[in-house]
Amino acid sequence: MKLFKKLAVQVHARAEAMANQFENKEALSLSYIREYERVVAKAKVKLARVETEVRRLEKEAARLEAQTALWVERARRVHATDESKALACVKRMQQHQASLDQILRELEETKRLKQKMAQDVDQVLAKLADLKRKHRLLAGRQSCAEAAAVLQDGEVFMADGADDLFARWEADVTAQELHAQSTDFETDPLSEAFDVAEQQAQLRNTLAEILASSEKQEASDE
């Protein structure tokens with residue numbers, strides 16, 4: 001049984017490794033970022049509702065506080081002439097005061113909730129900003145690495161192809177040069193006959209000049 005569990009763990013680990021190898025990390029990171037953006041959007045909507053509730057409670061507290069003060073002032077004005085009406089004013093004042101106390105408790109609790117939600121939103125925003133920063137950085141590095149790899153592969157391929165091309169070109173040019181040289185040196189019997197005769201004539205002229213010079217030298221010696 002342990003062997004089967006160990007085998008299952010190994011297979012799962014290999015599967016995760018293969019999945020990690022072929023996963024599109026840039027797309028996954030974007031999906032995480034989009035999810036964080038949705039969370040932030042929802043949190044901001046809820047925070048806005050809480051802020052609206054805080055303003056409503058503050059407005060209601062101000063109204064009840066004004067009503068409480070009003071009924072206190074009315075009780076003071078009429079207590080000397082109409083005690084029963086003064087007591088009714090006191091009772092109304094107490095009702096407003098009780099409502100005011102309840103509103104103030106709700107307001108305090110709502111403000112604490114607002115502060116906590118604002119802190120949570122700030123934390124998520126900070127996390128979102130960090131994710132976006134990492135995404136831009138790693139996406140840029142990956143693009144540069146991929147571009148470098150493509151260029152390197154292209155350079156190797158192009159270099160090999162260019163070398164082969166120039167080698168073939170040089171071989172063709174060399175063959176053409178050799179063919180031209182062999183054509184230049186093709187034998188022409190008629191031309192060779194004239195060349196030999198002309199060379200013989202030049203040699204005879206040179207010999208005649210040598211002999212004439214020798215005779216002049218001998219005559220001068222005598």
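The values are calculated or read from the model by the stated rules, or taken from the named source; none is laboratory data. Keep in mind that this is a model prediction, so the values were computed, not measured. All Cβ positions, glycine included, derive from the backbone under ideal geometry; neighbour counts span all protein chains shown.
Annotations
- In the set (1) at pLDDT below 90; (2) farther than 30 Å from Leu30 by Cβ; (3) assigned to a helix (DSSP H, G or I); (4) in the same structural domain as Lys25 (by TED's automatic domain parsing), Gly140 fails one condition alone, (2).
- Scanning region 86-93 turns up at least one residue that is of a type in the set (D, E, K, R), more than 30 Å from Lys127 (Cα to Cα) and at pLDDT below 95.
- Residues satisfying the stated conditions in region 58-103, i.e. closer than 22 Å to Lys114 by Cβ and of a type in the set (A, V, I, L, M, F, W, C): Ala61, Ala62, Leu64, Leu100, Ile103
- Members of region 89-110 that are farther than 14 Å from Gln67 by Cα and among the hydrophobic types (A, V, I, L, M, F, W, C): Leu104, Leu107
- Qualifying residue in region 83-106 (condition: under 60 Å from the mean Cα position of the chain (by Cα), of a type in the set (Gly, Ala, Ser) and either part of a helix (DSSP H, G or I) or not assigned by TED's automatic domain parsing to the domain that holds Tyr36 (or both)): yes
- Total residues in region 181-209, condition surrounded by 10 or more Cβ atoms within 10 Å (Cβ to Cβ) and either at pLDDT below 75 or not in a helix (DSSP H, G or I) (or both): 2
- Lone unmet requirement of (1) at pLDDT 90 or above; (2) surrounded by 11 or more Cβ atoms within 10 Å (Cβ to Cβ); (3) closer than 28 Å to Tyr32 by Cβ for Val124: (1)
- Boolean, Val45 is closer than 30 Å to Leu128 by Cβ, of a type outside the set (Phe, Trp, Tyr) and assigned by TED's automatic domain parsing to the domain that holds Lys116: yes
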